[in-house]
């Protein structure tokens, strides 16, 4: 019930913040009397003040159950303070009261920018799911385009080999229709997302200086004025003085009119994304398919073959761009997963370290002096250890959802079993060398996993840098990049084998020193036998690449 309530509160928080952003836009569109606007603006500032307080309260509520969300909420509260959103809303209200509208608009625009960034940050919690959905969508498009490209090659070969023109023309038409479906899917997913809502407030020039219509308006005006002035100046061109004046004015008029289009042409080219490139290549391929179809209808076989080849080239280029997007999405997904896992494992190590320190202090009490108070302390430690077990369950869930690692889920499973065993020993007030030894193994395993995750993050950054500096090779079947590289998995398997060996030796020493503990340790040795068997299994799976 508590979990459901916090999720509902977070969703409500995002909706309210979205309403603030919409209200900030509406202020510039719907005119009203200054006192009315000032009252509304003051109300927005008061409500936002409460929203800032809610961010921190909700972060405290989520701290135990969902530390990632708690960290996100605290980051949002910090970002709100650093960007002075509340202060800008208050300043806008004061400016409206004194009818300083220019200052009010400036404060509103600045506050709106901060609100948009804050909303984007809060919505980033759903980014992992959006990445998975986007990966699936892009992968399906790649699969379909590869089929289209393969059919196009087959049809072109049939055209070259002298097949009947009407027959290959019909095939070419069907190929174009199939490519159109993929193209419509690209455009269809683009429209409802962000472009349509953003296009609606564009007529308001002042609050949205970044939007495309705004820079277009002044250039349209400057271009229209010279076009109107040139005919009027050209009429009295019979006299020499009148000819010299227009000649002096024409260079000054032509420079801005020529420079502005160049600037407008350069701007779209620089931030062109791989998806925009893929759309452009696919559009070109479809045009060439339709032209090839027309050439076939006109019985121009050679020209049709040329257009078919061009369509194939553009299809391959579009596939390359989409595969680049897929790699980028996978890299972003890996960065997030690695960071989330490292954060959770660090939290587990911190909690386990504290329990181990408390265990050692409790073990220092001689057995004859242990009493009811010792049992209560051991029960408290059992409760704390079970909290760590819950964290291990969440880490296991992350690893299983990710699905590409072999050794990590097995190590986490063993760590979780050890934690459960420690909690059971605490419940039975078994505060001895075995209990502290198991906790030492848990901490060592966690530290090794954290080190492996850190190395994986460094390797990922290095790989991204190499790809950005050099040309990324593509082609062939794209396989999902594993979260942890094989070498890191093998190192973890080696340390697991070393730990099984050292633990076996430790248990043998305990049996030699305390024969009375033989029955207790025998069950632990049997568990080590099962772990050795699992170690063989995951090593075999890794060699056979069953995780790919």
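The values are calculated or read from the model by the stated rules, or taken from the named source; none is laboratory data. Every value quoted in this text rests on a predicted model; they were computed, and no experiment measured them. We place every Cβ from the backbone using ideal geometry, glycine too, and count neighbours over all the protein chains shown.
Scanning the stretch 94-129 for residues that are surrounded by fewer than 18 Cβ atoms within 10 Å (Cβ to Cβ) and more than 30 Å from residue 328 (Cβ to Cβ) returns 94, 97, 98, 99, 100, 101, 102, 103, 105, 106. For the stretch 293-304, name all the residues that are surrounded by 18 or more Cβ atoms within 10 Å (Cβ to Cβ) and in contact (Cβ under 8 Å) with a residue 24 or more places away in the chain. If the condition is that a residue be surrounded by 18 or more Cβ atoms within 10 Å (Cβ to Cβ) and in contact (Cβ under 8 Å) with a residue 24 or more places away in the chain, then 293, 296, 304 are the ones that fit. Screening 60, 64 for residues that are closer than 23 Å to residue 394 by Cβ, modelled with pLDDT of 55 or more and not in a helix (DSSP H, G or I) leaves exactly one candidate, 64.
Could you tell me whether residue 408 is touching a helix residue (DSSP H, G or I) at 6+ places or on another chain (Cβ under 9 Å), surrounded by 16 or more Cβ atoms within 10 Å (Cβ to Cβ) and closer than 27 Å to residue 333 by Cα? Yes, satisfied.
Is at least one residue of the stretch 115-123 in a helix (DSSP H, G or I), assigned by TED's automatic domain parsing to the domain that holds residue 59 and without any contact (Cβ under 8 Å) to a residue 24 or more places away in the chain? Looking for residues that are in a helix (DSSP H, G or I), assigned by TED's automatic domain parsing to the domain that holds residue 59 and without any contact (Cβ under 8 Å) to a residue 24 or more places away in the chain, one finds at least one in the stretch 115-123, hence yes. Regarding residue 91, is this residue surrounded by fewer than 16 Cβ atoms within 10 Å (Cβ to Cβ) and over 27 Å from residue 275 (Cβ atoms)? The answer is no for residue 91. For the stretch 149-161, filtered to residues that are farther than 16 Å from residue 291 by Cβ and in contact with a helix residue (DSSP H, G or I) (Cβ under 8 Å, 6 or more places away or on another chain), the residue that is surrounded by the most Cβ atoms within 10 Å (Cβ to Cβ) is 149.
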